[in-house]
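Q: Sharing a structure, written as structure tokens. Questions coming.
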């Protein structure tokens, strides 16, 4: 079993390094765009939460390793009580919405970027879940 404090810190540091190099803000300060994949509250944040959860909880909940995809792993988090059903459903919906939009951009051979006024509620929700799971003293789930 991994040390949960060290794991949390490693995940936070790795994600911060990625943001520093890949986010729209890293590329242009005060950028008026939201990069669906790399910016805070985007796809990579959801993927990191899923990876963190599997690494942190699979020793107690081996069923978290049964599925390779983020959607079913998020559902498993709710079944194990590590996320509320509402959190899991919201993260799943955000992930699917982001993926659908980014696939459309990829088909059009365009970057997966939208005005920073798009996805505000979704980004906020993802960031709240990130804070809930990965803050140094995460809030206990109800």
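Q: Assess whether residue 58 counts as being more than 16 Å from residue 91 (Cβ to Cβ), modelled with pLDDT of 90 or more and surrounded by 14 or more Cβ atoms within 10 Å (Cβ to Cβ).
A: yes
Q: Quick check: anything in segment 103-120 buried (at least 17 other Cβ atoms within 10 Å of the Cβ), part of a loop (DSSP other than H, G, I, E, B), without any contact (Cβ under 8 Å) to a residue 24 or more places away in the chain and touching a helix residue (DSSP H, G or I) at 6+ places or on another chain (Cβ under 7 Å)?
A: Checked segment 103-120: no residue is buried (at least 17 other Cβ atoms within 10 Å of the Cβ), part of a loop (DSSP other than H, G, I, E, B), without any contact (Cβ under 8 Å) to a residue 24 or more places away in the chain and touching a helix residue (DSSP H, G or I) at 6+ places or on another chain (Cβ under 7 Å).
Q: Out of 102, 59, report the one residue that is more than 18 Å from the chain's Cα centre (by Cα) and over 19 Å from residue 12 (Cβ atoms).
A: It is 59.
Q: If a residue must be out of contact with any strand residue (DSSP E or B) (no Cβ under 6 Å at 6 or more places or on another chain) and under 12 Å from residue 42 (Cα atoms), how many such residues does segment 103-117 contain?
A: Here the count works out to 1.
Q: Are any residues in segment 65-74 assigned to a helix (DSSP H, G or I) and closer than 17 Å to residue 45 by Cα, and if so, which ones?
A: 70, 71, 72, 73, 74
Q: Residues 37, 92: which one is within 20 Å of residue 122 (Cβ to Cβ), touching a helix residue (DSSP H, G or I) at 6+ places or on another chain (Cβ under 6 Å) and in contact (Cβ under 8 Å) with a residue 60 or more places away in the chain?
A: 37
Q: For segment 17-33, what are the residues that are surrounded by 12 or more Cβ atoms within 10 Å (Cβ to Cβ) and out of contact with any helix residue (DSSP H, G or I) (no Cβ under 7 Å at 6 or more places or on another chain)?
A: 22, 23, 24, 25, 27
Q: Still on this structure, I have one more. From the list 44, 11, 50, which residue is within 15 Å of the chain's Cα centre (by Cα), more than 22 Å from residue 120 (Cβ to Cβ) and free of Cβ contacts under 8 Å to residues at least 40 places away in the same chain?
A: Selected residue: 50, the only one of 44, 11, 50 that is within 15 Å of the chain's Cα centre (by Cα), more than 22 Å from residue 120 (Cβ to Cβ) and free of Cβ contacts under 8 Å to residues at least 40 places away in the same chain.
Q: Could you say which residue among 78, 100 is part of a helix (DSSP H, G or I), free of Cβ contacts under 8 Å to residues at least 12 places away in the same chain, out of contact with any strand residue (DSSP E or B) (no Cβ under 8 Å at 6 or more places or on another chain) and within 23 Å of residue 135 (Cβ to Cβ)?
A: 78
Q: Being surrounded by 15 or more Cβ atoms within 10 Å (Cβ to Cβ), in contact (Cβ under 8 Å) with a residue 24 or more places away in the chain and within 15 Å of the chain's Cα centre (by Cα): is that true of residue 87 here?
A: Against the criterion (surrounded by 15 or more Cβ atoms within 10 Å (Cβ to Cβ), in contact (Cβ under 8 Å) with a residue 24 or more places away in the chain and within 15 Å of the chain's Cα centre (by Cα)), residue 87 qualifies.
The values are calculated or read from the model by the stated rules, or taken from the named source; none is laboratory data. Because the structure is a prediction, the values reported are computed rather than measured. Counting neighbours? That spans all protein chains shown, and the Cβs are built from the backbone with ideal geometry, glycine included.
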